[in-house]
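Data first, discussion second: the structure below is written as structure tokens.
Derivation of every value follows stated rules applied to the coordinates shown; laboratory data play no part. On a predicted model such as this, the values are computed, not experimentally measured, just so you know. All Cβ positions, glycine included, derive from the backbone under ideal geometry; neighbour counts span all protein chains shown.
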Amino acid sequence: MGSEQQHREKAESNARFYQAIESLGFPDWSATAIFYQAVHLAELVLARRGVHTRSHQERRRAVRTMIPRVWNDYLLLDNYSRWARYGFKQIKSDRDIPRLLAALQVIRREAGVASS
């Protein structure tokens, strides 16, 4: 269970990782790095409310019920990340990554964290 600050730092670390790999031609890893930024931003918001999750399933439930304004964006990022890690959906840098970054921006605003 991390603090708000620890989740902010982890989100920032994942943002730096995304920035380091974005031009390397691995949009599946980009989608995953974007999603893990969202994970820690959602956890940051939940931590402010005294809620800490222990699994993706718990987090999905908490985001859906406690932060409903970002649910659709979070779910989009979650789905793309799972497709990237376990599926065979081709993720395209020019088509999908801008959409994922827009969804991440919604979650960043909810968390009160500026774009990096």
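Figures for the structure shown
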{"item": "Met1, Met66 arranged by Cβ crowding within 10 Å, fewest neighbours leading", "result": "Met1, Met66"}
{"item": "Matching label, Rg/Rh (Cα atoms, Kirkwood Rh) computed from the structure shown, candidates (1) 1.17; (2) 1.37; (3) 0.95", "result": "(3)"}
{"item": "Gaussian network model of the chain, springs between alpha carbon atoms under 10 Å - residue of Gln19, Gln37, Gln90 with greatest fluctuation", "result": "Gln90"}
{"item": "Candidates Tyr74, Tyr36, Tyr86: whichever shows maximal mean-square fluctuation once the chain is modelled as a Gaussian network with Cα springs under 10 Å", "result": "Tyr86"}
{"item": "Net lengthening on full extension, Asn79/Arg64 (0.36 nm per residue, minus Cα-Cα)", "result": "4.0 nm"}
{"item": "Relative contact order for the chain, counting Cα pairs under 8 Å that sit 6 or more residues apart, in percent", "result": "33 percent"}
{"item": "Length gained when the stretch Tyr86-Ala20 is fully extended (0.36 nm per residue, less Cα-Cα span)", "result": "21.5 nm"}
{"item": "Distance between the range 69-111 and the range 12-48 - C-alpha centres, whole angstrom", "result": "10 Å"}
